[in-house]
């Protein structure tokens with residue numbers, strides 16, 4: 001992959017996604033790359049998907065019609081998976097954003113990653129852990145529109161207990177000087193739990209989260225000796 005922003009395919013399972021979050025979701029996608037493919041799958045003849053019409057038009061999302069031919073069989077999932085595999089082998093995209101709370105896409109996410117492409121999942125808190133773990137990163141849609149606060153209170157009871165999770169990551173990447181670069185901490189947190197996001201704990205970003213923890217010490221360090229550019233390092237207080 002080049003240094004240019006990656007081309008991403010955003011594939012939406014409309015039966016298991018919310019039209020109301022799509023604007024914020026696409027804004028999140030834009031921070032990662034360019035959504036060159038945007039498709040939403042569902043039976044658009046049903047009144048249940050009526051709320052999607054404006055969203056599809058505003059964001060130039062292509063609706064893919066899939067009739068439910070047989071009761072109990074999810075034809076929408078099958079259509080999305082087939083298109084995803086076609087895109088995977090076409091070489092047109094560098095990664096996928098899979099929008100669904102359905103565990104049926106777990107194997108798809110795994111297969112895409114086996115090919116070396118990025119997978120970002122989006123879904124509700126009810127999303128099965130297997131699908132979450134199959135993604136490089138997974139964002140719960142309820143956090144997308146949050147401004148975040150500075151109070152440091154946990155905003156989601158479903159989020160992992162912060163202190164042990166954070167301390168383990170800091171300890172694992174602590175350098176010989178006793179400090180852990182915050183970028184490395186963040187990468188490990190994401191690897192350990194693809195759904196980790198500072199917004200789940202009431203903060204806009206990781207730097208704000210660590211600065212608010214009384215058991216941590218944070219300092220700015222030049223990226224290179226003599227460089228005016230700085231990055232943050234962190235360590236356990238008293239360490």
Rounded to the nearest 500, the 222 nm mean residue ellipticity computed for the chain from DSSP H runs (n ≥ 4, each -39500 (n - 2.57)) alone is -9000 deg cm²/dmol
Heads up, segment 24-116 by the C-alpha gyration tensor (a ≥ b ≥ c square roots of eigenvalues; a/c under 1.5 rounded, else a/b over b/c prolate, else oblate) looks oblate
Stretched fully, the stretch from residue 65 through residue 126 gains (0.36 nm per residue minus C-alpha distance, one decimal, in nm) 19.4 nm
Expressed as a whole-number percentage, the relative contact order of segment 7-147 with C-alpha contacts under 8 angstrom and at least six residues apart is 27
Assertion target for 167, 97, ordered by fewest C-beta neighbours within 10 angstrom first, is 167, 97
Cβ density ranking, 10 Å radius, fewest first, applied to 23, 227, 195 yields 227, 23, 195
Mean separation of Cα contacts under 8 Å (at least 6 apart) over the residue count of the chain, i.e. the relative contact order in percent, is 16
Residue 211 and residue 229 label points (each 7 Å along its Cα→Cβ direction) are spaced in nm at 2.0
FRET efficiency for residue 191 and residue 111 from the Cβ-Cβ distance with R0 = 25 Å, rounded to 0.05, comes out at 0.80
From the Cα centre of segment 111-125 to that of segment 184-238, the distance in Å is 24
Site residue 219, offset 7 angstrom along Cα→Cβ, radius 20 Å on amide nitrogen, limited to segment 158-198, gives 167, 170-186
With Cα springs under 10 Å, the Gaussian network model of the chain assigns the largest mean-square fluctuation among 194, 128, 47 to 47
Among (i) 149; (ii) 128; (iii) 207, the entry matching volume of the Cα convex hull per residue in Å³ as calculated here is (i)
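The numbers here are math on the coordinates, done by the rules we state, and not lab data. A quick note: this is a predicted structure, and the numbers were derived from the prediction, not measured. Here Cβ is always computed from backbone atoms with ideal geometry, including for glycine, and neighbour counts include all displayed protein chains.
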